[in-house]
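These notes concern the structure reproduced below.
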Amino acid sequence: MSLYTPARLDAARAACAAAGLDALLLSPGSDLRYLTGYPALSTERLTLLVLPVEGAATLIVPRLERPAAEASPVVDLPVMIVDHVDGTDPYPLVADAAPGARAVGLANRMWAEQVLALREALPEATQRLAGEVLAGLRIRKSPAEVEALARAGAAIDAVHQRMAEWLRPGRTEAEVGVDIAQAIREAGHATADFTIVAAGPNGASPHHETSARVIQPGEPVVVDIGGTMPDGYCSDSTRTYVVGGEPDKEFLAGYEVLQAAQRAAVAAVRPGVPAEDVDAAARDLLTEAGYGEVFLHRTGHGIGLDGHEPPYIVTGNALPLEPGMTFSIEPGFYFHGRYGARIEDIVACTEDGVRRLNTIDTELVLL
């Protein structure tokens, strides 16, 4: 099944029209890649997809980037590639590609200098966020996208299964992180996007990355890793390890509660369930056991071409889950100055329940 198809362009045009927009203007990022498959380089030189509701789609690129664009899936789509030479003004090309536009949707994370230049190039056009129309398309993954995320999940699972090769007492977090990053690429990812190796008290910081701290025998180590596959889809998985000794009984008791909470949240996923109810399935168990105050973050985030995207599995989000939505389930607990633990799987909401896209065990791993 193809990921990048003309149907996406057609759906985006229909969504634009329904939202009262005349065109989308997308700079490098996941929205542009979603519609074209082109992993465009973000620089001061203008790269922009102009997708009008009516008329041809145009990809404006610097001339030196044209070979990269032509090597991407965009060449199989009904998109015209137009280039510009260094020293020339590319913004009149935008006006030519979106004649008469009165309302345009800009990429949510476009550079401010480009936003202002587009305001001058299209002075009659109201600027809005492209996310208003694209988020609704991207939040429900096609079967091909779910399979892409399953491949990403299998690739990162393979890295976790090799952890005994690198994770041992006497090594620093940073040394282990270097080995993991190499393994992420060896497992099939195009890039290693993050390697969190958080030993002992560093595990109490959910977004700690790595440091020169030497891993000690018997202490918990939180390993949260992920990357981007060649097709653009992301992986993200966390497991907690104990190396070179036995953890204390209090940690083991907490981990049992955490594992039950993570499993309960996964089991709660099905169509029609509000996202916040999945959060509550994990949070209520942790709170009842006395860990509510040290569960510091939401239960999950969406994933696809971005590592974090809607839907967010968090208190206050009443969005009903739908088949094709993909997101993490990752409760944790974090005791400042002592240790932390987290278990994370990526899951997909299916027609009748849930599918785990990370399939390795969630048991505490003793190395």
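What the table below lists for this structure:
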read-out	value
Selected residue (criterion: surrounded by the fewest Cβ atoms within 10 Å (Cβ to Cβ)) from residues of the stretch 269-290 that are in contact with a strand residue (DSSP E or B) (Cβ under 8 Å, 6 or more places away or on another chain) and under 18 Å from residue 352 (Cα atoms)	272
Single unsatisfied condition, residue 27 versus (1) surrounded by fewer than 21 Cβ atoms within 10 Å (Cβ to Cβ); (2) of a type outside the set (Val, Ile, Thr); (3) in contact (Cβ under 8 Å) with a residue 40 or more places away in the chain	(1)
Within the stretch 66-84, considering residues that are closer than 21 Å to residue 117 by Cβ and in contact with a Pro (Cβ under 8 Å, 6 or more places away or on another chain), the one surrounded by the fewest Cβ atoms within 10 Å (Cβ to Cβ)	83
Any hit, the stretch 232-240, residues being open to solvent by 10 Å² or more (accessible area, probe 1.4 Å) and of a type in the set (Gly, Ala, Ser)	no
All positions within the stretch 302-336 that are assigned to a loop (DSSP other than H, G, I, E, B), among the β-branched types (Val, Ile, Thr) and under 19 Å from the mean Cα position of the chain (by Cα)	303, 314
Search result, residues across the stretch 42-65 that are of a type outside the set (Ser, Thr, Tyr), under 25 Å from the mean Cα position of the chain (by Cα) and surrounded by 14 or more Cβ atoms within 10 Å (Cβ to Cβ)	46, 48, 49, 50, 51, 59
Residue match in the stretch 348-362 (condition: more than 16 Å from residue 278 (Cα to Cα), in a loop (DSSP other than H, G, I, E, B), touching a residue at least 24 places away in the same chain (Cβ under 8 Å) and open to solvent by 60 Å² or more (accessible area, probe 1.4 Å))	yes
Candidates 125, 121, 95, filtered to the one that is over 30 Å from residue 218 (Cβ atoms) and open to solvent by less than 20 Å² (accessible area, probe 1.4 Å)	125
Residue in the stretch 348-367 that is modelled with the lowest pLDDT, counting only those that are over 20 Å from residue 141 (Cα atoms) and either β-branched (Val, Ile, Thr) or under 20 Å from the mean Cα position of the chain (by Cα) (or both)	365
Pick from the stretch 316-347, criterion farther than 26 Å from residue 271 by Cα and small (Gly, Ala, Ser), ranking: surrounded by the fewest Cβ atoms within 10 Å (Cβ to Cβ)	337
Positions within the stretch 337-347 being more than 17 Å from the chain's Cα centre (by Cα) and part of a strand (DSSP E or B), in sequence order	339, 340, 341, 342
Residue in the stretch 285-301 that is part of a loop (DSSP other than H, G, I, E, B) and polar (S, T, N, Q) present	yes
Qualifying residue in the stretch 112-133 (condition: over 11 Å from residue 25 (Cα atoms), touching a Cys at 6+ places or on another chain (Cβ under 9 Å) and touching a residue at least 60 places away in the same chain (Cβ under 8 Å))	yes
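Listed here are the residues, each with its yes/no results for (1) at pLDDT 95 or above; (2) out of contact with any helix residue (DSSP H, G or I) (no Cβ under 6 Å at 6 or more places or on another chain); (3) part of a loop (DSSP other than H, G, I, E, B).
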{"site": "179", "(1), (2), (3)": "yes, yes, no"}
{"site": "183", "(1), (2), (3)": "yes, no, no"}
{"site": "188", "(1), (2), (3)": "yes, no, yes"}
{"site": "203", "(1), (2), (3)": "yes, yes, no"}
{"site": "206", "(1), (2), (3)": "yes, yes, yes"}
{"site": "211", "(1), (2), (3)": "yes, no, yes"}
{"site": "223", "(1), (2), (3)": "yes, yes, no"}
{"site": "227", "(1), (2), (3)": "yes, no, no"}
{"site": "231", "(1), (2), (3)": "yes, no, yes"}
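The values are calculated or read from the model by the stated rules, or taken from the named source; none is laboratory data. It should be emphasised that the depicted structure is a prediction, and the values quoted were computed from it without experimental measurement. A quick note on method: Cβ atoms are made from the backbone with ideal geometry, for glycine too, and the neighbour counts reach across all protein chains shown. Surface accessibility is based on the protein's heavy atoms, side chains included, excluding ligands, DNA and RNA. Shrake-Rupley method; radii C 1.70, N 1.55, O 1.52, S 1.80 Å.
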